[in-house]
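Take a look at the structure below.
The values are calculated or read from the model by the stated rules, or taken from the named source; none is laboratory data. None of these values were measured; they are calculated from a predicted model. Positions of Cβ are generated from backbone atoms using ideal geometry, with glycine treated the same way; all protein chains shown enter the neighbour counts.
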Amino acid sequence: MRARPERQFYFRLAAHLGMTVRELLARTSSRELTEWQVYEKVTGPLGPPRADIHTGIIAATIANANRGGKGREYTAQDFIPKWDKRPLTPEELFQKVAQANAALGGAVKRKEG
């Protein structure tokens, strides 16, 4: 199952739609399955939207109980992923990697020639 992430997706989608994986695959076209995969990537994991909020509240409570009164108080929103962010461009991704590399004391080696 771990080697086949698409199969894991089928189980999530089938549970979300209230059917078995066999029913899902028999009743759903490849195109629609692909659209569901894209939908999940844009909006976040399938399932009740309140689950992210509940988890955020719990995480904020734990973080605030352990912050020792230092710094700002955390909110649930600090722990809820932003699923609908646009993907980074290759240039933006390279810049983030370069920043992380520099922060860790790395150097960029340029190809010669």
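Here are a few things to note about the model shown:
- Taken over the range 89-113, the criterion of being among the β-branched types (Val, Ile, Thr), at pLDDT 75 or above and more than 25 Å from Tyr39 (Cβ to Cβ) is satisfied by Val97 alone.
- Residue selection: Glu32 fails the criterion of being more than 25 Å from Arg86 (Cα to Cα) and of a type outside the set (A, V, I, L, M).
- Taken over the range 76-106, the criterion of being farther than 27 Å from Gly44 by Cβ and either outside any helix (DSSP H, G or I) or touching a strand residue (DSSP E or B) at 6+ places or on another chain (Cβ under 9 Å) (or both) is satisfied by Leu104, Gly105, Gly106.
- Looking across Arg31, Arg86, one residue alone is out of contact with any helix residue (DSSP H, G or I) (no Cβ under 6 Å at 6 or more places or on another chain) and at pLDDT 80 or above. It is Arg31.
- Any hit, the range 46-60, residues being surrounded by 12 or more Cβ atoms within 10 Å (Cβ to Cβ), touching a His at 6+ places or on another chain (Cβ under 8 Å) and modelled with pLDDT under 90: yes
- Beta carbons closer than 9 Å, at least 6 apart along the sequence or on distinct chains, pair a first residue in the range 1-30 that is closer than 17 Å to Lys41 by Cβ with a second that is hydroxyl-bearing (Ser, Thr, Tyr) and surrounded by 10 or more Cβ atoms within 10 Å (Cβ to Cβ) for Leu13/Thr28.
- The residues on offer are Val42, Val21, and the sole one that is surrounded by 10 or more Cβ atoms within 10 Å (Cβ to Cβ) and within 14 Å of the chain's Cα centre (by Cα) is Val42.
- Among helices (runs of 4 or more DSSP H) entirely within the range 10-75, having at least 3 residues that are out of contact with any Lys or Arg (no Cβ under 7 Å at 6 or more places or on another chain) and among the charged types (D, E, K, R) singles out 21-27, 30-43.
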